[in-house]
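As structure tokens, the structure follows; a few thoughts come after it.
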Amino acid sequence: METIESIKTEQRNPSTLDIDRVDTLELVRLMNAEDKKVAAAVEQVLPRIAEAVDLIARQMSQGGRLVYCGSGTSGRLGILDASECPPTFGADPGMVVALIAGGPAAMTTAIEGAEDMAQEGEKSLRDIGFTQKDVLVGIAASGRTPYVLGAMDYARSLGAGVIGVTCCPGSKVDRAADIAISPQPGPEVITGSTRLKSGTAQKMVLNMLSTGAMIRLGKVYSNLMVDVKATNQKLYARAATIVCSATGVDRETAVQALEKAGYAVKTAIIMLLCGVDAGQADKLLAEKDGRIADVVLAQEDGARKDAYVRRLREP
């Protein structure tokens, strides 16, 4: 039988046994030294992350959703990642969904016992109309949260893709997943405080899952956020900067194109790169599933195409 002492995320860290007695500079140095181990741990599971990105992008392209499910810190990390997708990528708010044990109130307040009810995980998925087209990402540092396991079991019963993100290889969540992603950043600075290294590792993985899928869906051109929605002054300015970077025009020309395009960044870029009006730009984008590079390359040939590719690779 598994005991809490045997769980990797609950073991004591021999490097921080005296952290309560060192001076403050040494304290933060110890934390920083441990944090340096996180990226290396994530690097070890990159093939699994890539596999998960491809699964998510494939299902999203067919109308499916990315659904995060977790409790406590894990659940909050899912909510954070999901909430950033609409402003960053112009994604529909329902495209990336996050569920947390205990409901929305658990985002800021610990809801005791909520994570222990597997049936609530299934209920959460039923409540959002989860289907076979969707992809579930169960997030649990320890890999054994009943709420997450209940959701994963239900998703699998529907034939949906199921991904697990833990810091405990071989855990129940790992075994319940089609794709198990389990970086091992090692024992926490403070024993069992998985909001630290484990949380950082999970955040890095979720960054890759959502960002990678959005890139695969054409929501990024070169390394520019071309589906960003201009909803405030900062984002209006960012939209103009993106158009300038993508096309090489001056700011005044970029703003003029954006105004004609209704501040749709992709449309403005195609207008300038292909010499068409807004309506034609939108049509060209629709023909290429919104992928700017594919639109432009289809308009170019020979030496002009080579020159375009070189320009695209320059900062």
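The values are calculated or read from the model by the stated rules, or taken from the named source; none is laboratory data. As the structure is a prediction and not an experimental result, all values here were calculated from the model. Heads up, the Cβs are rebuilt from the backbone with ideal geometry, glycines too, and the neighbour counts pull from every protein chain shown.
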(request) Select from region 89-122 the residues that are farther than 23 Å from Arg195 by Cβ, surrounded by fewer than 18 Cβ atoms within 10 Å (Cβ to Cβ) and under 23 Å from the mean Cα position of the chain (by Cα) and list them in ascending order. (result) Asp92, Pro93, Gly94
(message) Could you check region 225-264 and list, in sequence order, the residues that are in a helix (DSSP H, G or I), within 22 Å of Cys85 (Cβ to Cβ) and of a type in the set (D, E, K, R)?
(response) Lys234, Arg238
(request) Select from region 243-256 the residues that are under 21 Å from Asp294 (Cα atoms) and surrounded by fewer than 23 Cβ atoms within 10 Å (Cβ to Cβ) and list them in ascending order. (result) Cys244, Ser245, Thr247, Gly248, Val249
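Looking only at strands (runs of 3 or more DSSP E) that lie completely in region 125-224, which have at least 3 residues being hydroxyl-bearing (Ser, Thr, Tyr), within 18 Å of the chain's Cα centre (by Cα) and surrounded by fewer than 22 Cβ atoms within 10 Å (Cβ to Cβ)? Talk me through it step by step, then tell me what you get.
Working: elements: 135-139, 161-165, 179-181.
Because the criterion is at least 3 residues that are hydroxyl-bearing (Ser, Thr, Tyr), within 18 Å of the chain's Cα centre (by Cα) and surrounded by fewer than 22 Cβ atoms within 10 Å (Cβ to Cβ), no strands (runs of 3 or more DSSP E) in region 125-224 meet it.
On the basis of being of a type in the set (A, V, I, L, M), assigned by TED's automatic domain parsing to the domain that holds Gln202 and surrounded by 15 or more Cβ atoms within 10 Å (Cβ to Cβ), does Ala40 make the cut?
Values: of a type in the set (A, V, I, L, M): yes; assigned by TED's automatic domain parsing to the domain that holds Gln202: yes; surrounded by 15 or more Cβ atoms within 10 Å (Cβ to Cβ): no.
When the stated conditions are applied, Ala40 does not pass them.
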(message) Take the conditions part of a helix (DSSP H, G or I), under 14 Å from Ile139 (Cα atoms), at pLDDT 95 or above and of a type outside the set (Asp, Glu) and apply them to Ala98. Does it pass?
(response) no
(message) Regarding region 197-213, can at least one residue be identified that is over 30 Å from Glu287 (Cα atoms) and without any contact (Cβ under 8 Å) to a residue 40 or more places away in the chain?
(response) no
(request) Collect the residues in region 140-159 that are modelled with pLDDT of 95 or more, small (Gly, Ala, Ser) and over 15 Å from Leu77 (Cα atoms), keeping them in residue-number order. (result) Gly150, Ala151, Ala155, Ser157, Gly159
(request) Would you point out the residue of region 166-187, among those that are in contact (Cβ under 8 Å) with a residue 60 or more places away in the chain and of a type in the set (A, V, I, L, M, F, W, C), that is farthest from Thr9 (Cα to Cα)? (result) Ile179
(request) Would you please list the contacts, defined by Cβ atoms under 7 Å and residues six or more apart or on different chains, that run from a residue in region 90-112 that is more than 24 Å from Ile215 (Cβ to Cβ) to a residue that is surrounded by 11 or more Cβ atoms within 10 Å (Cβ to Cβ) and of a type in the set (Ser, Thr, Tyr)? (result) Leu99/Tyr68; Leu99/Ser124; Ile100/Ser71; Ala101/Ser71; Ala101/Tyr147
(request) Please state which of the following conditions Ser74 fails to meet, knowing it meets all the rest: (1) out of contact with any Lys or Arg (no Cβ under 7 Å at 6 or more places or on another chain); (2) part of a helix (DSSP H, G or I); (3) surrounded by fewer than 19 Cβ atoms within 10 Å (Cβ to Cβ). (result) (3)
(message) Within region 48-61, does at least one residue satisfy the condition of being free of Cβ contacts under 8 Å to residues at least 12 places away in the same chain, under 27 Å from Ile179 (Cβ atoms) and in a helix (DSSP H, G or I)?
(response) yes
